[in-house]
Amino acid sequence: MEPELVREVLSKKFGHFEKPKSTPFTKYIFQGLLSNEGEKWAKHRRILNPAFHLDKLKLMVPAFSSSCVELIRRWNKMIPDEGYMELDVRPEVQNFTQEVISRTAFGSSYEEGRRIFQLLTEKLQLILPAFHSVYIPGYRFLPTPLNKKASQLEKEIARILRGMIEKREKVIRMGEGSNDDLLGLLLESNMKENEEHGSKFFINKEMSIEDVIEECKLFYFAGQETTSGLLTWTMILLSMYPNWQDKAREEVIQVFGKNTPDMDGLSRLKIVTMILYEVLRLYSPVANLLRKSCKTMEIGGITYPAGVIFFLPVLFIHHDTEFWGEDAKEFKPERFAEGISKASKVAGAFFPFSVGPRVCLGQNFALIEAKIGLSMILQHFCFELSPSYIHAPHNFFIVQPQHGAQLKLRKL
Ligand code: HEM
């Protein structure tokens with residue numbers, strides 16, 4: 001529970017702490033950067049990093065806003081001109097973040113990207129019920145009807161991705177097409193890495209085609225649920241605190257008017273940023289982190305042998321009165337008025353994206369996406385809690401509203 005010690009654990013380079021091995025079940029759902037270790041992780045992180053630089057993310061702003069235009073259009077059709085409509089916004093926001101990943105990850109191959117996500121969702125829905133039962137290693141290789149169906153879906157996903165990668169590889173090789181989506185940037189970065197090692201192939205030594213497939217699938221899992229959780233909780237909290245909803249809208253209108261948000265304006269959104277930080281503090285999508293000691297380690301004056309699992313309670317630290325004051329459980333975005341470092345009584349008590357070498361790769365991506373999504377929603381609609389909303393934060397993979405996010409929406 002001590003932020004300083006948590007930081008110490010998270011900031012050590014590999015060789016000191018690593019992530020505990022994924023269970024066979026999580027491996028069945030996704031692999032890639034999030035669960036890789038050692039040399040493989042370092043290499044993949046180096047290749048993926050450039051795709052998430054701010055200057056590259058700038059190029060993706062139109063993809064973020066186009067996805068939100070779809071959402072606004074859909075709600076405009078559903079909501080009457082007078083009065084309100086009650087809606088569970090959670091699946092709606094999930095749809096938006098899924099759309100964002102499809103566009104930003106696969107750009108020109110957007111339709112195929114959407115198909116992959118449909119298949120991934122189908123696979124997840126199929127195998128998720130098994131999550132609560134005892135999962136036997138190797139079970140997925142048994143020829144049960146469920147496993148056969150899951151494996152068919154997996155083959156289809158890999159087939160589409162492989163086709164997309166090969167097509168894109170050809171286009172880049174011929175010097176055509178733009179590389180402003182995650183797949184293009186990843187292939188470009190992989191190519192540079194290969195060139196440094198004397199290979200003329202895009203997918204060869206550094207990242208195999210299977211590796212690229214796994215990383216593409218990871219964008220969906222790592223990037224979609226987390227950001228949709230953040231936006232959904234933000235809408236719930238702004239419904240509970242209409243004064244903050246008004247303040248945020250005022251700021252958005254002042255910066256963008258009714259125009260589509262641009263990168264320049266996003267950096268001037270002070271209130272919106274404070275609100276998003278406070279939501280990330282109270283309803284951090286990732287509630288805790290795990291690490292395992294690789295060798296004998298001294299942390300906070302205690303010596304731990306190799307193989308000890310460290311449970312780092314992000315959410316408990318975010319809620320602790322010792323670090324945040326007596327009002328720790330209250331929604332008070334003003335605590336972030338002077339930035340993250342001044343918000344808590346103790347330094348380092350806010351780490352929704354983790355810290356250290358394995359800090360979230362998509363942190364900037366998520367914040368840009370949330371700011372654009374929230375700004376555009378605030379420009380067009382106001383919202384309040386529906387009487388059918390039940391407040392029940394629930395941690396299943398991410399912290400989510402267990403019974404949905406029923407809100408009443410009105411056109412502005
Ligand atoms: C509000 C949104 C998000 C939150 C709160 C969040 C949080 C986190 C956290 C806490 C970790 C560290 C996990 C650990 O060490 O066990 C992580 C890692 C990661 N995140 Fe995010 N994330 C968000 C959005 C995204 C997005 C949008 C993407 C990509 C499109 C992304 C990609 C990744 C990847 C690839 C890693 C693994 C990094 C590594 O191990 O080197 N995340 N995220």
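The values are calculated or read from the model by the stated rules, or taken from the named source; none is laboratory data. Owing to the predicted nature of the structure, the values given are computational and were not obtained by experimental measurement. Note: ideal-geometry Cβ built from the backbone for every residue, glycine included; neighbour counts use all protein chains shown. Accessible surface areas use protein heavy atoms only, side chains included; no ligands, DNA or RNA. Shrake-Rupley method; radii C 1.70, N 1.55, O 1.52, S 1.80 Å.
Modelled spin-label separation between residue 154 and residue 45, with each label point placed 7 Å from Cα along the Cα-to-Cβ direction: 2.7 nm. Applied to the stretch 346-358, the Karplus parametrisation 6.51 cos²θ - 1.76 cosθ + 1.60 on θ = phi - 60° returns per-residue 3J(HN,Hα) values of 10, 5, x, 8, 10, 8, x, 9, 6, 9, x, x, 9 Hz, with x for Gly and Pro. Residue ranking by accessible heavy-atom surface, 1.4 Å probe, largest first, among 14, 351, 221 comes out as 14, 221, 351. Computed from backbone phi with θ = phi - 60° and the Karplus coefficients 6.51, -1.76 and 1.60, the 3J(HN,Hα) list for the stretch 235-248 is 5, 5, 5, 6, 6, 6, 10, x, 4, 6, 5, 4, 4, 5 Hz; x is used for glycine and proline.
Sorting the segments 286-295, 62-71 by their mean number of nearby beta carbons within 10 angstrom, highest to lowest, gives 62-71, 286-295.
Here the extension length gained between residue 173 and residue 250 equals 22.9 nm, from 0.36 nm per residue of separation less the Cα-Cα distance.
Neighbours of residue 412 by Cβ distance under 12 Å: Lys/Arg scored +1, Asp/Glu scored -1, total +2.
Once the C-beta distance of residue 391 and residue 23 is scaled by a Förster radius of 41 Å, the resulting FRET efficiency is 0.85 to the nearest 0.05. Shown for the chain: the carbon plus sulfur share of the solvent-accessible area, taken with all protein chains present and a 1.4 angstrom probe, equals 54%. Only alpha carbons enter this Debye calculation for the chain, each as an equal point scatterer, and the log10 of I(q)/I(0) it gives at q = 0.07, 0.08, 0.09 Å⁻¹ is -0.35, -0.47, -0.60.
Protein heavy-atom accessible surface, 1.4 Å probe, per residue over the chain: 46 Å².
In this structure the amide hydrogen of residue 310, modeled in the peptide plane, comes within under 5 Å of the amide hydrogens of 291, 292, 293, none closer than 5 places in sequence on its chain.
In this label model, residue 258 and residue 296 are separated by 7.1 nm, measuring between points 7 Å along each Cα→Cβ vector. For residue 17, the residues 5 or more places off, or on other chains, whose built amide H falls under 5 Å of its own are 294. Between residue 338 and residue 308, residue separation times 0.36 nm minus the direct Cα-Cα distance comes to 7.0 nm.
Approximating the spin labels as points 7 Å out from Cα along Cα→Cβ, the residue 402-to-residue 240 distance works out to 1.5 nm. Each Lys or Arg adds one and each Asp or Glu takes one away; over the other residues whose Cβ falls under 12 Å from the Cβ of residue 119, this sums to +3.
Dividing the helix sum by the residues of the chain, where each DSSP H run of 4 or more adds -39500 (n - 2.57), gives a mean residue ellipticity at 222 nm of -17500 deg cm²/dmol.
Computed from phi, the 3J(HN,Hα) profile of the stretch 336-341 under the Karplus parametrisation 6.51, -1.76, 1.60 (θ = phi - 60°) reads 9, 4, 10, x, 5, 5 Hz, with x in place of Gly and Pro. Close amide H contacts of residue 299 (hydrogens built in the peptide plane, cut-off under 5 Å, sequence separation of 5 or more or a different chain): 304.
Between 125, 379, 31, the residue with the greatest mean-square fluctuation in the GNM of the chain (Cα pairs under 10 Å linked by springs) is 125.
As a calculated quantity, the FRET efficiency between residue 322 and residue 55 at R0 = 51 Å, using C-beta atoms, amounts to about 0.80.
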